[in-house]
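Right, one structure below, let's go through it.
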Amino acid sequence: MRHAKIKKLVSEYIDGELKNNIELVKEHIKTCEECAQLFRLHSLVRETLKENTIEVSPYLFTRIQAKLKERKSQQPLWDYIIGFSKELAVVLILIFMLLLGIELISSRSSVKIEEAILSESPSIQKVISSGGDLTKDDVLELTLSNGKRK
């Protein structure tokens, strides 16, 4: 087992919560000075906490909240603007993507409609391919034949 992994298990070993690898941790503490110091430190803290009760001021939580409010009020306006602009940028990107998707969908359907009209009506194809240079006879022929070619 690696040194870093055993360092994490020292606290569990001292508290008696370690189920596996107990012997491995014991042997490592005997051979590694850093882990031995960590073991002694954890043991000392545990014993100190057992012997003494630590009294916490009843106003500690209130003082912490006051300090947090003070820090928040001292926060520059620029930080709020930057935070807001990031959210705004995300929203604008999403709107842009939505509009782009709608545009792509609508442009595909209009192309399909135009293709369908052109493939169904040869007379329209002839008008478009002529560039508007049709004679009266051509128009009469297209009208009478209903666009059917001979």
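The values are calculated or read from the model by the stated rules, or taken from the named source; none is laboratory data. Quick caveat, the model's predicted, so the values are computed rather than measured. Here the Cβ positions follow ideal geometry from the backbone for every residue, glycine too, while neighbour counts run over all protein chains shown.
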Open item on the list: Condition first: surrounded by fewer than 11 Cβ atoms within 10 Å (Cβ to Cβ) and outside any helix (DSSP H, G or I). Now tell me which residues in the range 12-27 satisfy that.
Closed with: Gly16, Glu17, Lys19, Asn20
- [ ] Among the numbered conditions (1) modelled with pLDDT under 85; (2) within 30 Å of Ser11 (Cα to Cα), tell me where Glu114 comes up short.
- [x] (2)
Task: Search result, residues across the range 28-61 that are under 41 Å from the mean Cα position of the chain (by Cα), in a helix (DSSP H, G or I) and loosely packed, with under 10 Cβ neighbours inside 10 Å - done: Leu60
Task: Members of the range 1-29 that are within 21 Å of Glu47 (Cα to Cα) and either in contact with a Gly (Cβ under 8 Å, 6 or more places away or on another chain) or among the basic types (Lys, Arg) (or both) - done: Lys7, Lys8, Lys26
